[in-house]
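Undergrad: Here it is, the structure in full.
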Amino acid sequence: MIQGKVHRYGSDVDTDVIIPARYLNTTDPEELAAHCMEDIDKGFTSRVSPGDVIVAEDNFGCGSSREHAPIAIKASGISCVIANSFARIFYRNSLNIGLPILECSDAVRAIRDGDEVEIDLARGLITDLRSGETFGAKAFPDFAIELINDGGLVEYTKKLIKQRESGSL
Amino acid sequence: MSMTITEKILAAHAGREKVEPGEIIKARLDLVMGNDITAPIAIDKFEKLGASGVFDRERVAIVPDHCTPNKDIKSAELVARCRRFARQHDLPYFFETGRAGIEHALIPDQGLVGPGDAVIGADSHTCTYGALGAFSTGVGSTDLGCAMAVGETWFKVPEQIKFVYYGSLPPYVSGKDLILYTIGKIGVDGALYSSMEFTGEAIEALDMAGRFTMCNMAIEAGAKNGIVPPDGKTMEYIKGRVRRGYTLYESDPDAVYSRVIEIDCSGLEPQVSFPHLPENARPVSEASQVAIQQAVIGSCTNGRIEDMRAAAAVLAGRRVHKDVRCIILPSTQQVVLQMIKEGLMEAFIEAGCVVSTPTCGPCLGGHMGVLAKGEKAISTTNRNFVGRMGHTESEVYLASPAIAAASAVLGRIGSPEELK
């Protein structure tokens with residue numbers, strides 16, 4: 001179970017504001033986290049606490065393919081991102097590196113900045129502890145669940161390589 | 001069993017007769033690609049897999065182009081990491097500075113992608129190669145690292161959107177203007193998770209450079225891929241370049257689309273996308289009050305020789321406005337060489353432009369032309385997000401090479417038709 005405070009944003013939060021390109025000369029998660037959301041919310045890194053949640057509107061993570069964006073968010077302590085929709089590369093990257101993301105318009109509509117929320121990832125349930133309301137997120141496709149259960153794309157691919165080597169595929 | 005061109009390519013690479021939107025498939029890949037920012041993380045992931053080697057050394061390309069020539073020590077270390085990996089695995093398509101260029105111009109020019117291919121690249125503008133009738137899409141580093149080992153990846157088959165452009169293009173209206181107008185019409189998530197198929201008489205009339213520009217910016221509408229059905233121009237382009245076999249696909253006449261969007265091009269004005277989203281497209285005539293301090297002409301979107309010619313045609317014999325820095329950013333070394341042969345280099349330098357080595361630098365505010373607080377730039381690149389080219393209080397206006405060149409002379413946004 002995840003519990004944390006909500007940091008709320010609007011639509012089209014792009015990867016350049018999540019982690020500006022001037023910091024892409026490093027791949028270190030801690031260094032990236034130190035500049036997370038810098039160009040949209042300068043106070044983010046000082047306000048965020050481990051377990052906190054980002055809630056945004058449409059098309060979160062649009063723009064570049066930089067995996068540095070979900071890496072920075074995850075390393076900053078964010079435990080889950082909830083949005084109406086995600087840009088497709090950001091969606092893939094988050095699944096691949098194990099940053100939980102949920103699509104849930106009802107939750108986005110109701111949850112306010114600063115609210116405390118509780119999330120049951122396995123069941124896709126989001127509870128706003130201020131209002132007591134619970135919202136059901138859109139289910140992941142079966143393949144995504146397989147990826148998550150395997151522990152991400154690297155573990156999934158390791159399994160695939162072993163199967164190939166043993167001639168079972 | 002009717003399918004679109006995108007569905008046919010995905011079906012062929014999944015070993016299937018037919019695929020439908022929404023299905024998850026595992027597809028074989030013809031090429032996987034990364035750059036100096038994304039490949040180092042992919043290499044880390046690859047090394048965690050315990051694979052005996054890359055799936056096919058001829059099908060893994062690494063193009064250091066974002067922070068090259070190395071802008072600082074950290075960037076130099078990232079490129080060095082790519083270089084060591086390329087040597088270790090004896091990769092023929094690691095492109096060293098001096099033989100490189102901006103990945104999305106270089107890869108097609110080098111014949112590493114052909115019609116009917118399925119390609120992933122750890123860069124969002126990998127969708128560019130759809131101009132050749134290939135399925136090509138951007139992914140992240142983990143996807144790249146895993147695909148380098150196994151030569152396949154998973155895709156959700158996208159919904160299909162068909163765009164039909166009819167009429168002929170008015171003067172100074174280019175592929176860039178068509179795609180900015182289209183994104184303006186449907187929004188930055190207007191094609192989210194979908195495929196954008198560009199068709200119609202105006203697309204048939206476009207040169208390959210214009211088609212690359214349009215497919216390049218499909219991601220700016222949220223699309224998974226952009227694609228143009230191959231024709232005689234495609235064949236002419238790949239002739240003598242393409243290094244592998246290829247397959248020509250076309251959409252069936254009764255293929256199913258989630259949407260069909262028709263656009264009449266004959267009345268279009270050149271377009272300018274205002275800050276801070278590519279969807280803020282307006283006719284250039286509505287931008288004439290915007291004074292600029294920088295013009296950037298080039299990049300993976302508009303750095304081909306045809307783009308350089310379009311800019312030079314405007315700048316030759318004129319002077320860049322005294323308050324403007326005009327940066328010319330050719331996409332590959334071959335383009336630079338051709339510019340010298342055709343006298344474009346001389347025209348640009350006499351006009352007061354600076355000509356950069358091929359690099360992604362200024363497009364993403366990396367180096368070679370970063371904006372200060374309050375500055376405004378017109379740019380032929382692809383994104384105008386907050387802080388994209390520098391300070392968070394700077395502004396980027398997206399346009400075509402002809403419009404950017406005219407604006408550099410005028411000192412404000414304008415069209416070549418306004419020049420004496």
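The values are calculated or read from the model by the stated rules, or taken from the named source; none is laboratory data. Quick caveat: nothing in here was measured; it's all calculated off a predicted structure. Neighbour counts are summed over all protein chains in view; Cβ atoms, including those assigned to glycine, are modelled from backbone coordinates with ideal geometry. Accessible surface is based on the protein model in full, side chains and every heavy atom, while ligands, DNA and RNA are left aside. Shrake-Rupley method; radii C 1.70, N 1.55, O 1.52, S 1.80 Å.
Undergrad: Criterion first (basic (Lys, Arg), farther than 18 Å from A:HIS7 by Cβ, within 11 Å of chain B (Cβ to nearest Cβ) and surrounded by fewer than 24 Cβ atoms within 10 Å (Cβ to Cβ)) does A:ARG92 satisfy it? Show your work before the answer.
TA: Working: basic (Lys, Arg): yes; farther than 18 Å from A:HIS7 by Cβ: yes; within 11 Å of chain B (Cβ to nearest Cβ): yes; surrounded by fewer than 24 Cβ atoms within 10 Å (Cβ to Cβ): no.
Considered against the rule, which asks whether it is basic (Lys, Arg), farther than 18 Å from A:HIS7 by Cβ, within 11 Å of chain B (Cβ to nearest Cβ) and surrounded by fewer than 24 Cβ atoms within 10 Å (Cβ to Cβ), A:ARG92 comes out as no.
Undergrad: Please state which one of B:GLU375, B:GLU342, B:GLU306, B:GLU279 is under 22 Å from A:SER65 (Cβ atoms), out of contact with any Phe, Trp or Tyr (no Cβ under 6 Å at 6 or more places or on another chain) and of a type in the set (D, E, K, R). Break it down into steps so the answer makes sense when it comes.
TA: On the way: B:GLU375 fails: under 22 Å from A:SER65 (Cβ atoms); B:GLU342 fails: under 22 Å from A:SER65 (Cβ atoms); B:GLU306 fails: under 22 Å from A:SER65 (Cβ atoms).
Being under 22 Å from A:SER65 (Cβ atoms), out of contact with any Phe, Trp or Tyr (no Cβ under 6 Å at 6 or more places or on another chain) and of a type in the set (D, E, K, R) holds for just one of B:GLU375, B:GLU342, B:GLU306, B:GLU279, which is B:GLU279.
Undergrad: With the checklist (1) surrounded by 20 or more Cβ atoms within 10 Å (Cβ to Cβ); (2) in contact with a helix residue (DSSP H, G or I) (Cβ under 8 Å, 6 or more places away or on another chain); (3) within 14 Å of chain B (Cβ to nearest Cβ) in hand, flag the one item A:VAL81 doesn't pass.
TA: (3)
Undergrad: Can you tell me which of (1) buried (at least 22 other Cβ atoms within 10 Å of the Cβ); (2) facing chain A (nearest Cβ under 9 Å); (3) touching a helix residue (DSSP H, G or I) at 6+ places or on another chain (Cβ under 9 Å) is the one B:PHE85 doesn't meet?
TA: Result: B:PHE85 fails condition (2) only.
Undergrad: Within the range B:41-63, which residues are under 22 Å from B:THR332 (Cα atoms) and open to solvent by less than 60 Å² (accessible area, probe 1.4 Å)?
TA: Let us first name the residues in the range B:41-63 that are under 22 Å from B:THR332 (Cα atoms), namely B:58-63.
Listed by number, the residues that qualify are B:ARG59, B:VAL60, B:ALA61, B:ILE62, B:VAL63.
Undergrad: From the list B:ALA131, B:ALA51, B:ALA61, exactly one residue is in a helix (DSSP H, G or I) and of a type outside the set (Val, Ile, Thr). Which is it? Show your work before the answer.
TA: Values: B:ALA51 fails: in a helix (DSSP H, G or I); B:ALA61 fails: in a helix (DSSP H, G or I).
Going through B:ALA131, B:ALA51, B:ALA61 in turn, just one is in a helix (DSSP H, G or I) and of a type outside the set (Val, Ile, Thr): B:ALA131.
Undergrad: I would also like to ask the following. Of all residues in the range B:8-40 being touching a residue at least 60 places away in the same chain (Cβ under 8 Å), open to solvent by 10 Å² or more (accessible area, probe 1.4 Å) and part of a helix (DSSP H, G or I), which is nearest to B:LEU192 (Cα to Cα)?
TA: Going through the qualifying residues, I end up with B:LYS8.
Undergrad: Looking at the range B:327-347, which of its residues are touching a residue at least 12 places away in the same chain (Cβ under 8 Å) and among the β-branched types (Val, Ile, Thr)?
TA: Correct list: B:ILE327, B:ILE328, B:THR332, B:VAL335, B:VAL336.
Undergrad: Report the residue count in the range A:30-56 for those that are within 10 Å of chain B (Cβ to nearest Cβ) and either open to solvent by less than 50 Å² (accessible area, probe 1.4 Å) or within 16 Å of the chain's Cα centre (by Cα) (or both).
TA: Here is the first cut: in the range A:30-56, the residues within 10 Å of chain B (Cβ to nearest Cβ) are A:31, A:38-40, A:42.
Remaining after also requiring either open to solvent by less than 50 Å² (accessible area, probe 1.4 Å) or within 16 Å of the chain's Cα centre (by Cα) (or both): A:38-39.
Going through the range A:30-56 one residue at a time, the tally reaches 2.
Undergrad: Pairs under 8 Å by beta carbon, first residue in the same structural domain as B:ARG211 (by TED's automatic domain parsing) in the range B:97-109, partner acidic (Asp, Glu) and open to solvent by 10 Å² or more (accessible area, probe 1.4 Å), six or more apart or different chains?
TA: Partner pairs satisfying both residue conditions: B:GLY101/B:ASP109; B:GLU103/B:ASP123; B:HIS104/B:ASP123.
Undergrad: Just checking, how many residues over the range B:358-378 are touching a residue at least 40 places away in the same chain (Cβ under 8 Å), under 24 Å from B:GLY184 (Cα atoms) and out of contact with any Ser or Thr (no Cβ under 8 Å at 6 or more places or on another chain)?
TA: Final tally of qualifying residues: 0.
Undergrad: Considering each residue of the range B:371-387, count those that are within 8 Å of chain A (Cβ to nearest Cβ) and over 16 Å from the mean Cα position of the chain (by Cα), and give that number. Before the answer, list the steps.
TA: Taking the range B:371-387 first, the residues within 8 Å of chain A (Cβ to nearest Cβ) are B:383, B:385-387.
From what is left, the residues that are over 16 Å from the mean Cα position of the chain (by Cα) are B:385-387.
The number of residues fulfilling the criteria is 3.
Undergrad: Being crowded, with 24+ Cβ neighbours inside 10 Å, modelled with pLDDT of 95 or more, in a loop (DSSP other than H, G, I, E, B) and within 14 Å of chain A (Cβ to nearest Cβ) narrows it down to one residue among B:HIS104, B:HIS66, B:HIS125; which is it?
TA: Values: B:HIS104 fails: in a loop (DSSP other than H, G, I, E, B); B:HIS125 fails: in a loop (DSSP other than H, G, I, E, B).
It is B:HIS66.
Undergrad: Has the range B:145-158 got any residue that is open to solvent by less than 10 Å² (accessible area, probe 1.4 Å), touching a residue at least 40 places away in the same chain (Cβ under 8 Å), within 28 Å of B:ASP254 (Cβ to Cβ) and touching a Cys at 6+ places or on another chain (Cβ under 7 Å)?
TA: The answer is no, given that none of the residues of the range B:145-158 is open to solvent by less than 10 Å² (accessible area, probe 1.4 Å), touching a residue at least 40 places away in the same chain (Cβ under 8 Å), within 28 Å of B:ASP254 (Cβ to Cβ) and touching a Cys at 6+ places or on another chain (Cβ under 7 Å).
Undergrad: Exactly one condition in (1) within 30 Å of B:TYR93 (Cβ to Cβ); (2) of a type outside the set (Val, Ile, Thr); (3) free of Cβ contacts under 8 Å to residues at least 40 places away in the same chain is not met by B:ASP189; state its number.
TA: All conditions are met except number (1).
Undergrad: Identify the single condition in (1) open to solvent by 10 Å² or more (accessible area, probe 1.4 Å); (2) more than 13 Å from every other protein chain (Cβ to nearest Cβ); (3) more than 13 Å from the chain's Cα centre (by Cα); (4) not acidic (Asp, Glu) that A:SER64 does not satisfy, given that it satisfies every other one.
TA: (2)
Undergrad: Then there is this: Are any residues in the range B:69-80 open to solvent by 10 Å² or more (accessible area, probe 1.4 Å), at the interface with chain A (Cβ under 10 Å from one of its Cβ atoms) and in a helix (DSSP H, G or I), and if so, which ones?
TA: Within the range B:69-80, the first condition is being open to solvent by 10 Å² or more (accessible area, probe 1.4 Å), and the residues that meet it are B:69-74, B:76-78, B:80.
Filter again for at the interface with chain A (Cβ under 10 Å from one of its Cβ atoms), leaving B:70-74, B:76-78.
Listed by number, the residues that qualify are B:ILE73, B:LYS74, B:ALA76, B:GLU77, B:LEU78.
Undergrad: While we're looking at this one, here's another question. Could you count how many residues in the range A:9-23 are part of a loop (DSSP other than H, G, I, E, B), touching an Asp or Glu at 6+ places or on another chain (Cβ under 7 Å) and open to solvent by less than 10 Å² (accessible area, probe 1.4 Å)?
TA: 1
Undergrad: Something else: Please find, among B:SER299, B:SER288, the residue that is of a type in the set (Ser, Thr, Tyr) and under 20 Å from the mean Cα position of the chain (by Cα).
TA: B:SER299
Undergrad: Let me ask you something else. Take B:THR97 and decide whether it is among the hydroxyl-bearing types (Ser, Thr, Tyr) and more than 9 Å from chain A (Cβ to nearest Cβ). Break it down stepwise before answering.
TA: Numbers: among the hydroxyl-bearing types (Ser, Thr, Tyr): yes; more than 9 Å from chain A (Cβ to nearest Cβ): yes.
Considered against the rule, which asks whether it is among the hydroxyl-bearing types (Ser, Thr, Tyr) and more than 9 Å from chain A (Cβ to nearest Cβ), B:THR97 comes out as yes.
Undergrad: Still on this structure, please answer the following. Can you run down the residue pairs with Cβ atoms below 8 Å, 6 or more apart or on separate chains, where the first is in the range A:26-37 and more than 14 Å from B:SER141 (Cβ to Cβ) and the partner is exposed (fewer than 15 other Cβ atoms within 10 Å of the Cβ)?
TA: Qualifying pairs under 8 Å: none.
Undergrad: Sort out which residues of the range A:124-140 are surrounded by fewer than 13 Cβ atoms within 10 Å (Cβ to Cβ) and either within 14 Å of chain B (Cβ to nearest Cβ) or modelled with pLDDT under 90 (or both), and write them in order of number.
TA: The answer is A:LYS138, A:ALA139.
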